[in-house]
Amino acid sequence: MSNPFEDYKPDFCTSGTFMRLPEENDNAKVAILGMPFDAAASYRVGARFGPQAIRQASMCLSTYHALLDVYPFEETNAIDIGDLPVITQNIHKSYGIIEKAMFDLMKKGIVPIGLGGDHSVTLASLRAAAKVYGPIALLHFDSHTDTWDTYMDEKYWHGSTFIRAHEEGLLQPQKVVQIGMRGWDITSSLDLSYNVVPQNELFNRGIKDVVSQAKSIIGDTPCFLSFDIDFVDPAYAPGTGTPEVGGFSSHQTLKMLQSLNEFNFIGFDLVEVLPSFDPTQTTSLLAATIVHTFGSLAALKVRQDSISMK
């Protein structure tokens, strides 16, 4: 007698990939990859376990994004290539491993979605992107600018990512938009000619106005989106390394991200998920939902590109 549930897996059964995505597909337009490096964190460590937690939480997500009307990972033939073998004791060798993986995907026209790890990993992704596209635009959601020069005389840490990227010429400074900052002085970013929308300004102006400004600044320039989970208030995302109270709700965060469908995204990452401070999986589930939204934005672009080619 045949088993009618032979091809069915309960939500708690995981293959180890995001939403059970395959590891290979010759037609892939999106690839998820883990970047489990956290040795550049200045306070709490443990974000190396973030990719695993996000993948586990993804098991209960729908294959369909109802608000954006897209099947993100089906329409992009998405894959999950697993976690990169970073070297915890060596940030520069880890950068090299991440950069190569990101470059190999981007040069094939595949949009990567990286799962951190602390925010230092983004520098390697930007290096790869600049090799493929030249200096790019950046849309950065965070409670910190991450443009501080050094920490205890160390130049490479999770708070210096975007000043190092500026120094290396990876970004078009006038097309960098940083949103949600509330944890530190923004002067260091303004000195780099970055556009900064602090938390209170975002609350006062509203999502629609800020997104419209970001679009007018960035235009169709190839753009990388980097999202630090501490953009969200710790009431909604407690599992992170440097939480800052007074932030945004899950609803506000998703509403903003869902409105970004007119940007030319060439890559995404989500960083600083720290499972040991996330006992009810609240943070991991939100992170997985954000990754689902990233996939949806990439799928909409694939759909639009397909229509324009006809």
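Does residue 113 satisfy the criteria of being among the hydrophobic types (A, V, I, L, M, F, W, C), touching a helix residue (DSSP H, G or I) at 6+ places or on another chain (Cβ under 8 Å), touching a residue at least 40 places away in the same chain (Cβ under 8 Å) and crowded, with 24+ Cβ neighbours inside 10 Å?
In short, yes.
Selection of the range 149-163 for residues being outside any loop (DSSP other than H, G, I, E, B) and modelled with pLDDT of 90 or more yields 161, 162, 163. Taking the criterion of being of a type in the set (Val, Ile, Thr) and within 25 Å of residue 152 (Cα to Cα), would at least one residue in the range 50-59 satisfy it? No: the range 50-59 contains no residue that is of a type in the set (Val, Ile, Thr) and within 25 Å of residue 152 (Cα to Cα). Exactly one residue among 66, 78, 129, 47 is within 15 Å of the chain's Cα centre (by Cα) and over 16 Å from residue 273 (Cβ atoms), and that residue is 129.
Among (1) out of contact with any Gly (no Cβ under 6 Å at 6 or more places or on another chain); (2) crowded, with 24+ Cβ neighbours inside 10 Å; (3) closer than 18 Å to residue 292 by Cα; (4) not basic (Lys, Arg), there is one condition residue 35 misses while meeting the rest; what is its number? Answer for residue 35: the failing condition is (1). Candidates are the residues of the range 236-246 that are surrounded by fewer than 24 Cβ atoms within 10 Å (Cβ to Cβ) and not aromatic (Phe, Trp, Tyr); the one that is nearest to residue 146 (Cα to Cα) is 242. For beta carbons closer than 9 Å, sequence separation of 6+ or different chains, a first residue in the range 15-35 that is more than 20 Å from residue 116 (Cβ to Cβ) and a second that is among the aliphatic types (A, V, I, L, M) and part of a loop (DSSP other than H, G, I, E, B), the qualifying pairs are 15/21; 22/28; 22/78; 25/78; 28/78; 28/110; 29/78; 29/110. May I ask you to list the residues in the range 165-184 that are assigned to a loop (DSSP other than H, G, I, E, B) and without any contact (Cβ under 8 Å) to a residue 40 or more places away in the chain? Correct list: 169 only.
Considering only residues in the range 124-148 that are among the hydroxyl-bearing types (Ser, Thr, Tyr) and part of a loop (DSSP other than H, G, I, E, B), the one that is nearest to residue 234 (Cα to Cα) turns out to be 143.
Select from the range 225-235 the residues that are out of contact with any Phe, Trp or Tyr (no Cβ under 7 Å at 6 or more places or on another chain) and within 22 Å of residue 38 (Cα to Cα) and write down the one among them that is surrounded by the most Cβ atoms within 10 Å (Cβ to Cβ). Here the residue is 229. Inspect the range 172-187 for any residue being under 18 Å from residue 124 (Cβ atoms), of a type outside the set (Val, Ile, Thr), modelled with pLDDT of 95 or more and crowded, with 24+ Cβ neighbours inside 10 Å and give the result as yes or no. For the range 172-187, residues under 18 Å from residue 124 (Cβ atoms), of a type outside the set (Val, Ile, Thr), modelled with pLDDT of 95 or more and crowded, with 24+ Cβ neighbours inside 10 Å: absent. Quick check on residue 305: is it without any contact (Cβ under 8 Å) to a residue 40 or more places away in the chain and closer than 29 Å to residue 103 by Cα? Spelling it out, residue 305 is indeed without any contact (Cβ under 8 Å) to a residue 40 or more places away in the chain and closer than 29 Å to residue 103 by Cα.
Identification of strands (runs of 3 or more DSSP E) wholly contained in the range 195-310 with 2 or more residues that are more than 25 Å from residue 75 (Cβ to Cβ), touching a strand residue (DSSP E or B) at 6+ places or on another chain (Cβ under 7 Å) and at pLDDT 95 or above yields 195-198. Within the set 121, 86, 30, the sole residue that is in contact with a Phe, Trp or Tyr (Cβ under 9 Å, 6 or more places away or on another chain), closer than 21 Å to residue 300 by Cα and modelled with pLDDT of 95 or more turns out to be 30.
Within the range 71-100, being acidic (Asp, Glu) and either in contact with a Gly (Cβ under 8 Å, 6 or more places away or on another chain) or under 15 Å from residue 269 (Cα atoms) (or both) holds for 80, 83, 99.
The values are calculated or read from the model by the stated rules, or taken from the named source; none is laboratory data. Fair warning: this is a prediction, and the values are worked out from it, not measured in the lab. Glycine also receives a Cβ, built like all others from the backbone with ideal geometry; neighbour counts cover every protein chain displayed.
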